[in-house]
Amino acid sequence: MPRMVFDQVTKSFGGDPVIADFSAEIEDREFLVLLGPSGCGKSTMLRMIAGLADVTGGAISFDGEVVNDLEPKEREIAFVFQSYALYPHMTVAQNIAFPLLMNAFRPWYHLPVVSAVMKRAIARRPEVAERVAEVARTLELTDYLDRRPKSLSGGQRQRVALARSLVRDPSLYLLDEPLSNLDAKLRTQMRSEISGLHRRVRKSFVYVTHDQVEAMTMATRIIVLDAGRIQQIGTPEEIYGEPANTFVAKFIGSPGMNLIPATAADGRVTDARSGQVLDRGADLADGDYLFGIRPEAARLAADGEAGPAATVTTVEHLGGEVVAGCELGEPDAEAGLTVDLGGTVFIRTAPHPSLTGRGRVRLAFDRGAVRYFRADTGQRVPATRGTPQPQGSIR
Amino acid sequence: MISRSLRGASLAVITTGALVLTACSGGGDGEAGSGAITFGNWQWLETGRGDAMWEAVTEFEDSEPEIQLEKSETPFAQYADKLNTEIGAGAGPDVFVVLDRQFATLAEAGLLEPLDDAVADADLNATNDNLNIDGRQLGVTWEQVSYALLGNRTVLEQAGVDQLPTTVEDLIAAGEQAGEAGLDGFAVRHQMNEYNGWAYDFPSWTYGYGGSWSDGERLTIDSEENIAGVTAYKDVFDSGIVPVGDDASTFRSKFKQDQLAMIIDNSGTALSLVSDGQLSSEDLISAPLPFPEPGAHQKLVLAVNANGENKEAAKEFVSWAVSEEGQTTLRPSLGASVLATDVPLDEEFSEANPWAETFVELGRTNLSGLPDGFETEADPIMRGVLEQVERVITEDLEPAEAMREAQEALEQDLS
Amino acid sequence: MSYRTVDGAPPGRASAPREAHRPARGRGTRSRRRAGRLLGYAFIAPAVLYLVVFLVVPLLQGIAMSFTDAKLINPTGGDPVGVDNYASTLTADRFWNSLLATVLYTTATVAGTVVLGTAAAVLVNRAFRGRALLRSLLAFPYAMPTVAVALVFAWMYNQSNGAFNRGLGILGIGETGWLTDPDWGMASVVAATVWKVFPFVMLVVLAALQSVSAELYEAARIDGADALNTFRSIVLPHLAPTLRIVALLMTIWSIRRFEIIFLLTGGGPVETTNTLVINVYRTAFSDQNLGVAATVGALGLVVSLAVTCVFLLVERRETKREEAL
């Protein structure tokens, strides 16, 4: 049951760094999600934790013990692969029993004949047979024990992969995008099954995904990675509410946080392009910023309410609500079209008659939800308390 | 589907038939005495000697400018098999040299052209007598080769052997002396994968003890004399003086390169050995076989393909070859062998090759290695014998037992 | 396997096209289908013709010849002798020795090439420095002409001057007649053959190995399997179908292999390497007895057909077993 500490872990292939200065401390029994776009190094990180990839620099320790040089099997881990990596020539039961079989295997069993006899004998041992049956029951696989993986559905294969990792009772579960090969409905179901599993086994999980919904719904802690560097470490709420920088702000949420280039002078914040006032009385030094607002914290201004003028460009109906894209500023009446207006601002709100193409609206922002980022570094101002500022992200 | 494949099959049969017919009609008579003829002989490939022999042969073109000779070359190891296959298929060279045992089967099958007219004017010697089958001369002697013990003077001197041995015991002793000097003692053929050559030179051992393969009526393979010959052969191999596994071309090269003291080989080979300049004639010494009786000789026969396309020209060539002019021209390249006529050794040649005299002497007394009365079965007989001899030297089979088995098996096969 | 589609397809799938045809059957369709069928025959006709001319006809001729006393120098002039050739062949030791030699040679060659080829494939499938070089080096023997290989081996096996005996001499071990001692002849020929042919197995197995997903190896590593267990439990089952096919090919090729045996020993020493093919050659060309040679050939054909059938039966059973799970 490890408390994981990453101390300036780096990884490079050839001369190319893939992970740079990865430092973090993760408490026991966390459900840690490594989140990032593809190619950000999250899978590499997971493979280093598993011992499948070498650590180029720095140290990974479990409960204070550096595990850099330990073989995977010595780390008491289970690993669920994206492709499930089920052994195609074994039945479900043999797949689940395989880790136990290998655990009980002694080198001299390799002798001819002995090998086959001992493998059969181990599989029949009560502790092995019962454990397999129990795990199969837990994951509702009892009816499929004699089948081969190729005759199972995607969800069933996924459960066999989980069963195989569960059977050894590891202290750390590593899952590499385990749901990416499932259809949307099954994915939702498996998501809750994995969350349920985490609650039941009360062990540490490290889960790699590029899907923010999975991250937000399952994680107790998220590490957002981009280009091999940690962007933010925090709970799902922190990551969503207090993004450490513009990358996290854009990456989390669908659509992501609106970031409007803005200029602050004497606490007055104006849109850099259309010149309209976005905020007053902001506690900011004069300078260039990005004005950040989540779509659901922006709405249409009430009649008579002040707010920046905007032109609706796109409207997406999501049933109960609408996501509308608006461009700050008013169209030039003579040209007929807007020219060089501010960036598109998405708002998520209740349907409204004025939300049609080319509709002219006024926007209002929930002031408590406004976040500012420095235009030059992309860092949020002021830095969120409680979230350590990752060293790698400061230039 | 079925009818189609049947149609295909009949087409194939027709095609095959046409090919066979074409091949058979190859025996049409070309323009008498003109055109090109092919001459098949493995000797063209013998180092040193082959070129000289071809040069001598093509002197024929000077006397018959209308006829051109073309070489057909096949290494000795494959020569007999290839020639049989070609001639069996109605093809093959127009004129060729064959071993006497192969001559017998070709003659029996009627595949050789009678040469009576062509050789009418020649002064043929007795070596041609058994090439006259039922009153028709189907071949003439190309060369009749004798077997002698040959020594490399340099090696023998190094080994401290001052004269060639005259008995098998002395041969072994001399071979052992060579071995002590770090050289190989003695070599002969001894493997079934050299069957053609081995069958050719092995009879010297059994004949050397007075043996023969038949008495004219029945096979005498398990005779005392033959067993004594095989025993002598086994003793030589048991003594360890033979580089086992060396085939003829290997041990002949070793002999030329002063790595091997003695070989038993024939007059044709002896000439080859000194023809390419590696071994000088003075360093090649010869002696009669180290056995109590004279050995066997083998005959190479010159014959004309009955299915040849230019038989008249081929016969013209044979005429020339046995004429005085031809014999004199061929003599030097055929060295110390006995030829179709009693043309004497070239004087210059005898002087330059003192080893040749032994062969001439031996040629007067030795006997044909063919089984008398079983000439056309010579191959199966030699194969049956040599398979057993191979067992004698590799599996320690008793020579008497081996010859008895060969006798029994062959009697059954040939009955 | 091709027959899987013939009789192994589930009935539902097999009947589907039949049903699809039924409603469409009309006058125009029928003639069109007939034209299509003729076109199909036209396409396979050259292949069929080729097989008939170069395979079926010679085969039938050969079988016919086995009932005659045809000789090499008069191949078409044999007189019928009934089953005499078969009776004499089957009662003589030579045929049975030759069959034994074939079985020994085939078994040893197949085992040797498959084991060595698989081991080499596993070796070069790993990532290491110089792998590409090693791969080409290991594939090299297969690219060499057989005749050259045979000559080089004959030279190395030479009793007095060969590399092997010189090596043994340096170690102070006496010399061996690799190609002349009846106890060693077969082993020497097999060794040369295995050296020449194993790269084929290596290349085929390597291709199969590369289709093993890397994640399977990692899963096995996580599950605590050592290298040998990974190979036996995960890699070998994956290779099994490939190995069965390769073994069949190797068997067929070994039964009919000629050049390397002929050039090394010509069937000797004392007939220990006189396999059926060498036997046929020697009987036909050295003994000039085409009738008996055809007999030995026909019997050899029966043997290789039997072997192939056994392999196909095993393969079919394995496939059915696979599909049942």
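Annotations for the structure displayed:
- Burial order of peptide ranges C:33-39, A:297-303, A:84-90 (average beta-carbon count within 10 Å, highest first): A:84-90, A:297-303, C:33-39
- Among C:I170, C:I261, C:I73, the residue with the largest mean-square fluctuation in a Gaussian network model of chain C, with springs joining Cα atoms closer than 10 Å, is C:I170.
- For C:Q288, residues with placed amide H under 5 Å, excluding near neighbours: none
- In segment B:138-297, the DSSP beta bridges split such that about 75 percent are antiparallel, to the nearest 5.
- Evaluated at q = 0.13, 0.14 Å⁻¹: base-10 log I(q)/I(0), Debye formula over Cα of segment A:4-241: -0.82, -0.94
- Ranked by the mean number of other Cβ atoms within 10 Å per residue, highest first, peptides C:121-130, A:127-136 order as A:127-136, C:121-130.
- For the residue pairs A:K42/A:K73; B:K299/C:K71; B:K254/C:K71; B:K82/C:K196, the C-alpha atoms sit more than 30 angstrom apart in B:K254/C:K71.
- Against the empirical 2.2 N^0.38 Å (N residues), chain B has a Cα radius of gyration ratio of 1.04.
- Given charges at beta-carbon only (K, R positive; D, E negative), |dipole| of chain A in Debye: 1800 debye
- P(r) tail for segment A:54-112: Cα pairs beyond 14 Å make up 71% of the total.
- Contact order relative to length of chain B, as percent, for alpha carbon pairs under 8 angstrom and 6 or more apart: 27 percent
- Think of each Lys and Arg Cβ as +1 and each Asp and Glu Cβ as -1; about the Cα centre, that makes the dipole of the protein assembly as shown roughly 11740 debye.
- Working note: 222 nm ellipticity from helices only, DSSP H runs with n ≥ 4, each -39,500 (n - 2.57), summed and divided by the residues of chain B, gives -14000 deg cm²/dmol to the nearest 500.
- The residues of segment B:176-193 occluded by other protein chains by 20 Å² or more of accessible area, set against the chain on its own, are B:Q191, B:M192, B:N193; surface from heavy atoms, 1.4 Å probe.
- Quarter the surface of the alpha carbon convex hull of segment A:93-185 and you get the mean projected area, 7.2 square nanometres.
- Near B:A378, once Lys and Arg are set to +1 and Asp and Glu to -1 for all other residues with Cβ below 9 Å from its Cβ, the sum equals -3.
- FRET E, pair B:E55, C:L55, Förster distance 51 Å, beta-carbon r, rounded to 0.05: 0.60
- Only Lys, Arg (+1) and Asp, Glu (-1) charged, at Cβ; chain B dipole about Cα centre in debye: 1360 debye
- Per-residue shielding of C:63-74, expressed as the average number of other chain Cβ atoms within 10 Å of the residue Cβ, stands at 3.
- Within the shell defined by Cβ-Cβ distances under 10 Å, the residues around B:Q298 carry a net charge of -1, with Lys and Arg each +1 and Asp and Glu each -1.
- Counting Lys and Arg as +1 and Asp and Glu as -1 over every other residue whose Cβ lies under 11 Å from the Cβ of A:V5, the net charge comes to -4.
- Chain A - share of DSSP beta bridges that are antiparallel (%, nearest 5): 75 percent
- If R0 is taken as 22 Å, the Cβ-Cβ distance between C:A119 and C:I252 corresponds to a FRET efficiency of 0.45.
- Exercise: per-residue mean of other protein chain Cβ atoms within 10 Å, B:379-385: 2
- Taking 7 Å steps out from each Cα toward its Cβ at B:T154 and C:L312 produces label points 6.4 nm apart.
- 5 Å-binned pair-distance histogram of segment A:246-384 (Cα, whole percent): 2, 11, 20, 23, 21, 14, 7, 2, 0, 0
- Segment C:A64-C:A127, extension gain: residue separation times 0.36 nm, minus the distance between their alpha carbons: 17.0 nm
- Shielding by partners - mean other protein chain Cβ count within 10 Å, residues of A:69-78: 2
- Kirkwood estimate for the protein assembly as shown, i.e. one over the average of 1/r between Cα atoms, Å: 38.4 Å
- For segment B:170-179, 3J(HN,Hα) computed residue by residue from phi via the Karplus equation (6.51, -1.76, 1.60; θ = phi - 60°) reads 5, 4, 5, 4, 5, x, 5, 4, 4, x Hz, glycine and proline entered as x.
- Compactness of segment C:56-147, taken as the C-alpha radius of gyration over 2.2 N^0.38 Å, stands at 1.85.
- Estimated [θ] at 222 nm from DSSP helical runs (n ≥ 4, -39500 (n - 2.57)) normalised by residues in chain C, nearest 500: -23000 deg cm²/dmol
- Look at the dipole of the protein assembly as shown built from charges on Cβ: of B:F237, B:M262, C:P58, the Cα furthest out on the positive end belongs to C:P58.
- By average C-beta atoms within 10 angstrom, highest first, the peptides A:104-115, B:133-144, C:140-151: B:133-144, C:140-151, A:104-115
- Of A:T188, A:A249, A:T209, farthest towards positive along the dipole that unit charges on Lys, Arg, Asp, Glu beta carbons give segment A:183-298: A:T188
- For B:S286, the residues 5 or more places off, or on other chains, whose built amide H falls under 5 Å of its own are B:G151.
- Tilt relative to chain A, helix A:92-104 - C-alpha long axis, 0 to 90 degrees, to 10: 70 degrees
- In this label model, A:D7 and B:S253 are separated by 7.0 nm, measuring between points 7 Å along each Cα→Cβ vector.
- Listed residues C:V114, C:W96, C:N85: farthest to the positive end of the dipole of segment C:76-138 (Cβ charges): C:V114
- With Cα atoms defining each centre, segment C:256-325 and segment B:307-345 are spaced 46 Å apart in the structure.
- Secondary-structure-derived ellipticity at 222 nm for chain A, considering helices only, amounts to -7500 deg cm²/dmol, per-run term -39500 (n - 2.57) for DSSP H runs with n ≥ 4.
- Helix B:311-322 axis, angle to chain B major axis (alpha carbon atoms, nearest 10°): 30 degrees
- Among A:S38, A:S195, A:S153, residue whose mean-square fluctuation peaks in a GNM of chain A (springs only between Cα atoms under 10 Å): A:S153
- Inter-label distance, nm, simple model (7 Å from Cα along the C-beta direction), A:E71/C:A324: 3.6 nm
The values are calculated or read from the model by the stated rules, or taken from the named source; none is laboratory data. Remember, predicted model here, so these are calculated numbers, not experimental data. Neighbour counts are summed over all protein chains in view; Cβ atoms, including those assigned to glycine, are modelled from backbone coordinates with ideal geometry. Surface areas here come from the heavy atoms of the whole protein model, side chains and all, with no ligands, DNA or RNA. Shrake-Rupley method; radii C 1.70, N 1.55, O 1.52, S 1.80 Å.
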